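Worksheet for the structure shown next.
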Amino acid sequence: MASEAWPSTRQCNYRPQVYKGIMRTSRNLRSSVSVASLFVLALAFLSAPARALPFDSTAVEIVEFSDYQCPFCVRAETTMAELRRAYGGSLRVIVKHQPLPFHQNARGAAEAAEAARNQGRFDEMHDRLFANQMALNPSDLEAYALAIGLDMERFRRDVASPEVKDRVERDRNIANAVGATGTPSFFVNGRSLRGAQPIEEFKRLIDEEIAEATRANRRGESWLSDRLSANNPALWGYLRGGQVPPKVAPVTTPQDRTIYQVSVNPKVDAIDGPPDALITMVVFTDYQCPFCKKLEPTLDELMTRYMGKIRRVMKHSPLPLHKDAEPAARAAICAQAQGKFWQMHDSLFDNQLELDEVALKKRAATLGLDKAKFARCLNAPATAARVVADMKLAGMVTARGTPNTFINGRKLTGSKPIEEFVAAIDEEIKTAQAQMNSGTAGKDLYDALIEDGKVFSPLDEEVFTFTDKPTTPILGNPKAKIRITLFSDFQCPFCSRVHAPLEEVVAFYKGKVAVAWKNFPLSVHQDAMPAAKAAMCAGEQKKFWEAEKLMFDNQTDLAEIVPNLPERIGLDVAKYGSCMNRGEVAGLIEDDMAEARVAGLRGTPTVYIQGRKFNSNSGYNSEAFRSVIDALLAGKEP
């Protein structure tokens, strides 16, 4: 078995599967067959020649070089899925990584996929990454890892490990060595196909290769190796011949020199450094985020290296998937009120696994804070409002995920190497010095530098019209003044988190806001379309929202829930069965998807308010929705 084929295969027809199957059989048998006999059987199977085994029937191997931020790669995934269904055990697909330099999150996504592979969950992570191309920041990757049930400590360790990074880099080196410089790129038994080609092109090559296998009366590993060697000796050398591909230049992200209007309030914010510093470094952090902790030594080094020329400003951006991050942010604010912000800041990062309220109060006592004042502050509405204000600002300057650092308004996302920070700081020092030479006072320098900076609107300017049908599920008053349109997918992990804040918003505005559901099941989610049909059929019996809640609460069990939905939520079985077999239900879903395509929708969840796309950088939470709705109800621009 080729060492390169095993890690990322999308088909499991290897000998270890037979062994596992026999072990399962030994556990389930209720006969006189002994376990020893089964082991003899296993050894016989495992020692038999590969071509003699029925499960070693692979005639064609497609090696795919892909990029998780590449929109054409998503389209190709649908093709690969159809090919696997069409050819069964005759075909396998090997996934390789080619993160392109201009896709800043592609490499991190590839490393997350490989870290998931280390826990045997490559396919699940692979599918989620493609299903959420617009959300591949480090915090998003953690959310997907959590959703598919990975050991999070091991995942974080593996993502940062040299072994995983080297694996992705090797794939990239191989891709460039064999001319796969763009994505997607495919090799069908070594024969090249570039781009998201029509499925007929793949079938033509696959059929030709199967015909060759039939003529030679050969299949399996030795056949695949021989065909790859004949069709593409270079690729054979790297994948099976043990050759080391030549190194290419490291992936570099193009410098984003956009200046954002990241406001600083010296009376409120935690600041370290002189008020007239040439460089203001604003950091949006999350005390439960491992990447934020990893960044801290870099920030400390920068403060030392540029002492007197730099100030650090801390902002809070606790992520929803980190349940203790928001209380930790409040604890930092309360320590600041007693003059010990930085001591609490360091203590929180040093104890990331102990951030519940009890632990926070113990930490406050250890730091010598007034315990009564700290406790009152921790639960004060004003403290929570401080955190919300920082989160709102994060959305306005596109600081989605953590950490996000702004160097005089210029954004650096993630725990970047110190060299990237130094390069940005050195450039911005020159700009700041020129501004001061023009007569700007030091105390006014930062505000002058960001005065014309970019602030992201929570709503796009373009307005789309979405049509309600009698079958369109509506949450709230259908005649409400504010209409929210939600495009969703029952198998999408982030979609499951949107319902609760939208339900809160509908209840809060008491008839002034309604939510219209639109289906957008992604092709990479095999259970999403059946679930969408089932929910719409439940809607015929006035139980759409009961079905929606059940499915989002049990996303990993959709295949079991769909056929059993009537008994789970009390539907008429005959009516449900009749509905599921009617073609017009699929037509209604396709109508929703057609509206989504007109609006340029690419992923889920996607929310429109009054027909304008809601910017997810502002966060899918009730506070973010309410800030927009309040402005619209007041006749103002959000």
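The values are calculated or read from the model by the stated rules, or taken from the named source; none is laboratory data. Bear in mind the structure is a predicted one, so any value in this text is a computation, not a measurement. Positions of Cβ are backbone-derived with ideal geometry, glycine not excepted, and every protein chain shown enters the neighbour counts.
Across the range 470-504, the number of residues qualifying as in a loop (DSSP other than H, G, I, E, B), crowded, with 22+ Cβ neighbours inside 10 Å and more than 19 Å from the chain's Cα centre (by Cα) comes to 0.
Could you list, in sequence order, the residues of the range 362-382 that are surrounded by fewer than 21 Cβ atoms within 10 Å (Cβ to Cβ) and not hydrophobic (A, V, I, L, M, F, W, C)?
Initial filter on the range 362-382 (surrounded by fewer than 21 Cβ atoms within 10 Å (Cβ to Cβ)): 362, 365-368, 370-373, 375-376, 378-382.
Of everything in the range 362-382, those that are surrounded by fewer than 21 Cβ atoms within 10 Å (Cβ to Cβ) and not hydrophobic (A, V, I, L, M, F, W, C) turn out to be LYS362, THR366, GLY368, ASP370, LYS371, LYS373, ARG376, ASN379, PRO381.
Sub-6 Å Cβ pairs linking a first residue in the range 116-143 that is free of Cβ contacts under 8 Å to residues at least 40 places away in the same chain to a second residue that is surrounded by fewer than 22 Cβ atoms within 10 Å (Cβ to Cβ), at least 6 apart or interchain, are ALA116/PHE122; ARG121/ILE148; GLU124/ILE148, ordered by first then second residue.
Residues that are part of a loop (DSSP other than H, G, I, E, B) and buried (at least 22 other Cβ atoms within 10 Å of the Cβ) are absent from the range 331-348. Of the residues making up the range 526-542, one or more are out of contact with any Cys (no Cβ under 8 Å at 6 or more places or on another chain), among the acidic types (Asp, Glu) and either modelled with pLDDT under 95 or crowded, with 19+ Cβ neighbours inside 10 Å (or both). Just to be sure before I move on: is ALA359 under 32 Å from the mean Cα position of the chain (by Cα), outside any loop (DSSP other than H, G, I, E, B) and loosely packed, with under 15 Cβ neighbours inside 10 Å in the structure I sent? For ALA359, the condition - under 32 Å from the mean Cα position of the chain (by Cα), outside any loop (DSSP other than H, G, I, E, B) and loosely packed, with under 15 Cβ neighbours inside 10 Å - is not met. One residue is enough: does the range 408-415 have a residue meeting the conditions in contact with a Gly (Cβ under 7 Å, 6 or more places away or on another chain), within 25 Å of ALA596 (Cβ to Cβ) and not aromatic (Phe, Trp, Tyr)? No: the range 408-415 contains no residue that is in contact with a Gly (Cβ under 7 Å, 6 or more places away or on another chain), within 25 Å of ALA596 (Cβ to Cβ) and not aromatic (Phe, Trp, Tyr).
Is it true that some residue in the range 443-450 is modelled with pLDDT under 95, buried (at least 21 other Cβ atoms within 10 Å of the Cβ) and among the hydroxyl-bearing types (Ser, Thr, Tyr)?
Taking the range 443-450 as the starting set, the residues that turn out to be modelled with pLDDT under 95 are 443.
Checking the rest, the ones that are also buried (at least 21 other Cβ atoms within 10 Å of the Cβ) come to none.
Checked against the condition, which is being modelled with pLDDT under 95, buried (at least 21 other Cβ atoms within 10 Å of the Cβ) and among the hydroxyl-bearing types (Ser, Thr, Tyr), the range 443-450 yields no hits at all.
When PRO493, PRO521, PRO501, PRO478 are checked against the criterion of being in contact (Cβ under 8 Å) with a residue 24 or more places away in the chain, under 22 Å from PHE72 (Cα atoms) and of a type outside the set (Ser, Thr, Tyr), a single residue qualifies: PRO521. The criterion of being more than 20 Å from GLY308 (Cβ to Cβ) and either modelled with pLDDT under 95 or assigned to a helix (DSSP H, G or I) (or both) does not hold for ALA434. Scanning the range 81-94 for residues that are in contact with a Pro (Cβ under 9 Å, 6 or more places away or on another chain) and buried (at least 19 other Cβ atoms within 10 Å of the Cβ) yields a single hit, ILE94.
Each row is one residue, and each column tells you yes or no for (1) basic (Lys, Arg); (2) modelled with pLDDT under 90; (3) part of a helix (DSSP H, G or I); (4) over 30 Å from HIS103 (Cα atoms).
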{"position": "LEU369", "(1), (2), (3), (4)": "no, no, no, yes"}
{"position": "ALA375", "(1), (2), (3), (4)": "no, no, yes, yes"}
{"position": "ALA382", "(1), (2), (3), (4)": "no, no, yes, yes"}
{"position": "GLY395", "(1), (2), (3), (4)": "no, yes, yes, no"}
{"position": "ALA399", "(1), (2), (3), (4)": "no, yes, no, no"}
{"position": "THR405", "(1), (2), (3), (4)": "no, no, no, no"}
{"position": "LEU412", "(1), (2), (3), (4)": "no, no, no, no"}
{"position": "ALA423", "(1), (2), (3), (4)": "no, no, yes, no"}
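Restricting to the range 586-603, and then to whatever is part of a loop (DSSP other than H, G, I, E, B) and small (Gly, Ala, Ser), can you tell me which residue is farthest from PRO473 (Cα to Cα)? Only one residue fits best here, namely GLY600. In the range 625-636, the count of residues that are among the β-branched types (Val, Ile, Thr) and closer than 19 Å to VAL463 by Cβ is one or more. When the range 194-248 is filtered for residues that are at positive phi and of a type outside the set (Gly, Ala, Ser), only ASN217 remains. Applying the criterion of being outside any loop (DSSP other than H, G, I, E, B) and surrounded by fewer than 12 Cβ atoms within 10 Å (Cβ to Cβ) to the residues of the range 570-583, the residue that is nearest to the chain's Cα centre (by Cα) is GLY583.
Could you grab me the full set of residues in the range 466-519 that are farther than 16 Å from GLU595 by Cβ, touching a strand residue (DSSP E or B) at 6+ places or on another chain (Cβ under 9 Å) and acidic (Asp, Glu)? Matches in the range 466-519: GLU503 only.
For the range 263-285, taking the residues that are polar (S, T, N, Q) and not assigned by TED's automatic domain parsing to the domain that holds THR431, the one that is farthest from the chain's Cα centre (by Cα) is identified as ASN265. Residues that are among the basic types (Lys, Arg) and surrounded by 18 or more Cβ atoms within 10 Å (Cβ to Cβ) number at least 2 in the following strands (runs of 3 or more DSSP E) confined to the range 225-317: 310-316.
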